[in-house]
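The structure under discussion appears below in the form of structure tokens.
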Amino acid sequence: MANQIKTRFNSKAMQTILAFSGLILLLIIFSLSSPYFMTRTNIVTILLMTAVNGILAVGITFIIVTGGIDLSIGTVMTFSSVIAGVIMTNLGLPIWLGIIGALIAGALCGFVNGLCVARLGLPPFIATLGMMNVTKGLNLVISGTKPVYMQQEAFMSIATKPIFGIPLGVIIFFIVAGIAAFILSKTVIGRYTFAIGSNEESARLSGINTGAWKIAIYSLSGLFFGIAGIVMASRLSSAQPQLGPGYEMEAISAAVIGGASLSGGEGGILGTLIGAFIITVLSNGLRILSVPQEWQMVVTGLIVIGSVYLDIVRRKVK
């Protein structure tokens, strides 16, 4: 048992080191390729872009470690921001109620996803695909297909207010990542997340109520998506009902690049953070070099394919 834990730790550490090395390499390449890349303005842009994608990636890490997947990430994020906008703008209620409403909306979507997977026996792909379409439609219905603008100064400052020169949204991102890392590595839900992903049947036979814990894990991830929705809405000063589709690919990519295995049982928040920065730096650097967006998507897709292939090879070696 001790040897298995040691092997898993070494494998995880090696994956993190490789991802970090890849990030440093990208930074060097883009810094040498363009004088505009390492400017203060662009660094702040990269940090703000990573804040939203990173929080989403942190949330999906929990689900991927269980061996599941969630395709509703982006639309649930948008649903949370729309709910916040309706509460604050349309109903004229206080900001704190809008924030709570957004968090509840995200957690509720996660709860329903978990319920469909754990109790109804639906494959995670199908359950979350359905949720993606449900929330995509609700976003348009609730908002009337129009953006919901939030002009409250306190709310707009959530993402962009500088604290020692660092946008508050970035600080929130790192705090969320720290809390998630603690939950995944030091709490019961974290241990059961790995247990379910490693061997769900063995976990069930050992007395773990895998269904209940899956629901809890999906709900927790939904809560993270709700936080991302708040940061995104604050950054844009509005809830954009058609925003969302596409974010799931970036979040899943970040988790996979960071070492989370789509087969379940492996993953970590530090690796996911590095993966989120890799995705953002790559996208930002290619944009600065005037590479067309369609080619950016090709490059990102190839990196994801390569990361998954390396994970397969690593598992075979083990």
statement: Taking the stretch 139-156 and keeping only residues that are out of contact with any Ser or Thr (no Cβ under 7 Å at 6 or more places or on another chain), in a helix (DSSP H, G or I) and polar (S, T, N, Q), one is left with SER143
statement: Going through the stretch 37-70 in order, the residues found to be closer than 27 Å to CYS116 by Cβ and in a loop (DSSP other than H, G, I, E, B) are THR66, GLY67, GLY68, ILE69, ASP70
query: For the stretch 71-107, what are the residues that are under 16 Å from the mean Cα position of the chain (by Cα) and surrounded by fewer than 24 Cβ atoms within 10 Å (Cβ to Cβ)?
result: LEU71, LEU103, ALA107
task: Would you please name the residue that is surrounded by the most Cβ atoms within 10 Å (Cβ to Cβ), looking only at residues in the stretch 157-181 that are in a loop (DSSP other than H, G, I, E, B) and not small (Gly, Ala, Ser)?
output: LYS161
field: Residues of the stretch 228-250 satisfying the condition of being among the hydroxyl-bearing types (Ser, Thr, Tyr) and either farther than 16 Å from GLY85 by Cα or part of a helix (DSSP H, G or I) (or both)
entry: SER234, TYR247
field: The lone exception for VAL256 - which of (1) more than 15 Å from the chain's Cα centre (by Cα); (2) surrounded by 20 or more Cβ atoms within 10 Å (Cβ to Cβ); (3) assigned to a helix (DSSP H, G or I) it fails
entry: (1)
- request: May I ask you to verify whether LEU184 is in contact with a Lys or Arg (Cβ under 7 Å, 6 or more places away or on another chain), of a type outside the set (Val, Ile, Thr) and under 26 Å from SER81 (Cβ atoms)?
  value: no
task: Could you check how many residues of the stretch 280-298 are in contact (Cβ under 8 Å) with a residue 60 or more places away in the chain and touching a Phe, Trp or Tyr at 6+ places or on another chain (Cβ under 9 Å)?
output: 6
message: I need a count of the residues in the stretch 28-70 that are of a type in the set (A, V, I, L, M, F, W, C) and crowded, with 24+ Cβ neighbours inside 10 Å.
response: 11
field: Matching residues in the stretch 265-288 - criterion: being part of a loop (DSSP other than H, G, I, E, B) and crowded, with 21+ Cβ neighbours inside 10 Å
entry: GLU266, GLY267, GLY268
- request: Considering each residue of the stretch 77-111, count those that are out of contact with any strand residue (DSSP E or B) (no Cβ under 9 Å at 6 or more places or on another chain), among the β-branched types (Val, Ile, Thr) and more than 27 Å from ALA216 (Cβ to Cβ), and give that number.
  value: 1
statement: Residue pairs qualifying under the 6 Å Cβ cut-off, at least six apart or on distinct chains, with the first in the stretch 87-112 being touching a residue at least 60 places away in the same chain (Cβ under 8 Å) and the second being hydroxyl-bearing (Ser, Thr, Tyr), are ALA102/SER80; ALA105/SER80; GLY106/SER80; ALA107/SER219; GLY110/TYR218; GLY110/SER219; GLY110/SER221; PHE111/SER219
task: For residues that are closer than 19 Å to ALA212 by Cα and among the polar types (S, T, N, Q), tally how many sit in the stretch 72-127.
output: 1
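Taken together, the values in this text are just the output of simple stated rules run on the coordinates, not laboratory data. This one's a predicted model, so the numbers in the text were calculated from it and none came from an experiment. Backbone-built Cβ (ideal geometry, glycine too); neighbour counts: all protein chains shown.
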